[in-house]
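Read through the structure below, which is laid out as C-alpha cells, and then see the notes.
We did not get these values from a lab; they are worked out from the coordinates using the rules stated. For clarity, every value in this text was computed on a predicted model and none was experimentally measured. Don't worry about glycine lacking a Cβ; one is built from the backbone with ideal geometry, like all the others, and counts go over all protein chains shown.
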Amino acid sequence: MIVLLDPTSYTSLSDLDLYDVIADTVDRFPPVFEAHVVDSQDAVSALLVEEPDEEQRKTLELHYFARLEDGFRIVYVGPFKGIDDAVLGS
C-alpha cells in the first residue's frame, strides 16, 4: 500500500506524524503488512518500478518518508533517514 500525503496540507512533518499516519492506515485498512508514505506522485511512480533510475532515486530521497515492514516495524527513509526504527503499537 502506498499512502500519498498532500504536501499542501502541512508545513512540517515529524517522525511522530509519520508514525501516526501509518498507525491510522493499519487501523483503517487491516490487514496491512507493508505500507509506504510519500508526498509526491513522482515518488509513487518511482516506488512502483523495480529499479529506479537516478532521477527517481533523487525523488525518493526527497519525497519518500517511511515504510511499514512485516506489519509492525516502521523504517524512516529519505529526509527522515537516521531516525531509529519504530515498532507499531509500542
Cβ under 12 Å from ARG73's Cβ, ARG73 left aside: what net charge do those residues give with Lys, Arg +1 and Asp, Glu -1? -4
Dividing the mean separation of Cα pairs under 8 Å (6+ apart) by the residue count of the chain yields a relative contact order in percent of 28
Between SER40 and ASP17, what FRET efficiency comes out of the Förster formula 1/(1 + (r/R0)^6) with R0 = 25 Å and r the beta carbon distance, rounded to 0.05? 0.90
Label-point separation in nm, PHE29 to VAL87, each point 7 Å along Cα→Cβ: 2.6
Using the alpha-carbon centroid of each, what span in Å lies between segment 53-85 and segment 1-30? 13
Over the chain, with a Gaussian network built from C-alpha contacts below 10 Å, which listed residue (PHE80, PHE29, PHE72) shows the highest mean-square fluctuation? PHE29
Local net charge near VAL32, Cβ-Cβ under 12 Å (Lys/Arg +1, Asp/Glu -1): -3
In terms of modelled amide H atoms, which long-range or inter-chain residues lie less than 5 Å from the amide H of HIS36? ILE2, VAL3, LEU68
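Based solely on its DSSP helices, what 222 nm [θ] is calculated for the chain when runs of n ≥ 4 H residues each add -39,500 (n - 2.57) and the sum is averaged over all residues, nearest 500 deg cm²/dmol? Can you show the working numbers first?
Details: 3 runs with 32 residues, N = 90.
Using -39500 (n - 2.57) per qualifying helix, the result is -10500 deg cm²/dmol.
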Given the options THR25, THR11, THR59, which has the most mean-square fluctuation in a GNM of the chain, springs set between C-alpha atoms less than 10 angstrom apart? THR11
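Counting other C-beta atoms within 10 Å, which of SER14, SER40, SER45 has the fewest, and how do the rest follow? Each step should come with its number before you reach the end.
Values: SER14 10, SER40 16, SER45 13.
Lowest count first: SER14, SER45, SER40.
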May I ask what percent, to the nearest 5, of DSSP beta bridges between residues of the chain are antiparallel? 75
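Return the equivalent ellipsoid semi-axes of the chain as a descending list in whole Å, where each equals the square root of 5 times an eigenvalue of the C-alpha gyration tensor. Write down the numbers at each step before the final one.
Working: eigenvalues 80, 42, 33 Å².
Listed largest to smallest, the semi-axes of the chain are 20, 14, 13 Å.
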